[in-house]
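These notes concern the structure reproduced below.
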Amino acid sequence: MAQIKNETAYRAALARIEELLPLVNDLTPVDNKNYLELDMLSDLVAEYEEIYYPIGKPTLKDVIKLRLYEMGITQKKLAEMLGLSSSRVSELLSGKCEPTLKIGREISRQLNIDPAIVLGL
């Protein structure tokens, strides 16, 4: 299969995908020409993006901030939940320090974050 080799071709593929999306849905047969074209272009775009627009692993501070946002929790409330000072939580969220194993467990438990993420695995 061909590859997308430059930004111009990438942008053209994205534009074509936008044109095809309204024409294809969950009920579209897999042998439909629009379905097939969309499937192929999506794979090509994904391959290009893995090379030129890679998404790195999120940091623990980013995961915690996202979870706080999702749960509607403030830094102050998190400090209370973890039994820490607000300044200590601020250091964790700024990336200035790493949590101890005990605090890592509490972060995992209180915010429902996978322990592997908290441990950086």
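The values are calculated or read from the model by the stated rules, or taken from the named source; none is laboratory data. All values reported here derive from a predicted model rather than from experimental measurement. Heads up: the accessible areas ignore ligands, DNA and RNA and are worked out on the full protein's heavy atoms, side chains in. Shrake-Rupley method; radii C 1.70, N 1.55, O 1.52, S 1.80 Å.
Table: residues versus (1) open to solvent by less than 70 Å² (accessible area, probe 1.4 Å); (2) small (G, A, S); (3) closer than 30 Å to P99 by Cα; (4) not in a helix (DSSP H, G or I).
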{"site": "K5", "(1), (2), (3), (4)": "no, no, no, yes"}
{"site": "T8", "(1), (2), (3), (4)": "no, no, no, no"}
{"site": "L14", "(1), (2), (3), (4)": "yes, no, no, no"}
{"site": "L21", "(1), (2), (3), (4)": "no, no, no, no"}
{"site": "L38", "(1), (2), (3), (4)": "yes, no, no, no"}
{"site": "E47", "(1), (2), (3), (4)": "no, no, no, no"}
{"site": "I51", "(1), (2), (3), (4)": "no, no, no, no"}
{"site": "P54", "(1), (2), (3), (4)": "no, no, yes, yes"}
{"site": "R67", "(1), (2), (3), (4)": "yes, no, yes, no"}
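Give the residues of the stretch 95-113 that are open to solvent by 30 Å² or more (accessible area, probe 1.4 Å), within 12 Å of V63 (Cα to Cα) and modelled with pLDDT of 90 or more, sorted by residue number. Answer for the stretch 95-113, where residues must be open to solvent by 30 Å² or more (accessible area, probe 1.4 Å), within 12 Å of V63 (Cα to Cα) and modelled with pLDDT of 90 or more: just N112.
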